[in-house]
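Heads up, the thing below is written out as structure tokens.
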Amino acid sequence: MFSETAIRELEETKARYPDRKAALLPALYIAQKEFGWLGAEAYEEISATLGIPKAAVRGVGTFYSMLKHKPMGRNLIRICTNVSCMILGAEKVVDFLRRKFGLEDGSTTSDSRFSLVIMECIGACAIGPAMLVNDDLYGNLTEKTIEEILSQYS
Ligand code: FES
């Protein structure tokens, strides 16, 4: 069940758009903030609130890699391994995360501190290899800098 705060946010979002479908993506973010990820309950609640078929809600929700489709750790690391970042050393960064934290694509550390998702491009090609930790962008990653960066997240 959505909290009263989330219901209020959903209603405000719904009122902001003349077409309910336009409110779908913001609604999915509200649900993700509420539940931590998007599952059957979130899709049903959004479907009922916006009056959009559940299959359509789920279709949009599962399309975007920026949305979480299963429970994740407290901090989500998203690393780009597309061409620019790959040329600049993304594979070394991914290998470091595997060795240091036991992280594989889609996995979570046993203490739920980090989850890792490998992505195609996060729009930071000029500062590759690049990653997002939650909503914070970092670039020019090396083993040393990534260790310093991740030490800031508990
Ligand atoms: S290729 Fe890595 S951010 Fe674009």
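The values are calculated or read from the model by the stated rules, or taken from the named source; none is laboratory data. The model shown is predicted, which means the values in this text are computed figures rather than measured ones. Virtual Cβ from ideal backbone geometry, glycine too; neighbours counted across all protein chains shown.
The condition of being closer than 30 Å to F35 by Cα, modelled with pLDDT under 95 and either outside any loop (DSSP other than H, G, I, E, B) or not aliphatic (A, V, I, L, M) (or both) holds for only one of L76, L137, L132, L97, that being L76. Looking across the range 100-128, the residues that are more than 20 Å from S151 (Cβ to Cβ), in a loop (DSSP other than H, G, I, E, B) and not small (G, A, S) come down to E104, D105, E120, C121, I122.
As a summary of the residue check, C85 satisfies the conditions (1) within 14 Å of the ligand (Cβ to nearest atom); (2) modelled with pLDDT under 95 except for the one numbered (2). Residues in the range 108-137 that are within 11 Å of the ligand (Cβ to nearest atom) and more than 14 Å from K92 (Cβ to Cβ): M119, E120, C121, I122, G123, A124, C125, A126, I127, L132, L137. Would you check if there is a residue in the range 112-126 being surrounded by fewer than 15 Cβ atoms within 10 Å (Cβ to Cβ) and over 19 Å from the mean Cα position of the chain (by Cα)? Yes, the range 112-126 has at least one match.
Taking V57 as meeting all but one of (1) within 16 Å of the ligand (Cβ to nearest atom); (2) buried (at least 18 other Cβ atoms within 10 Å of the Cβ); (3) under 30 Å from S3 (Cβ atoms), write down the number of the exception. Going through (1) within 16 Å of the ligand (Cβ to nearest atom); (2) buried (at least 18 other Cβ atoms within 10 Å of the Cβ); (3) under 30 Å from S3 (Cβ atoms) one by one, V57 breaks only (1).
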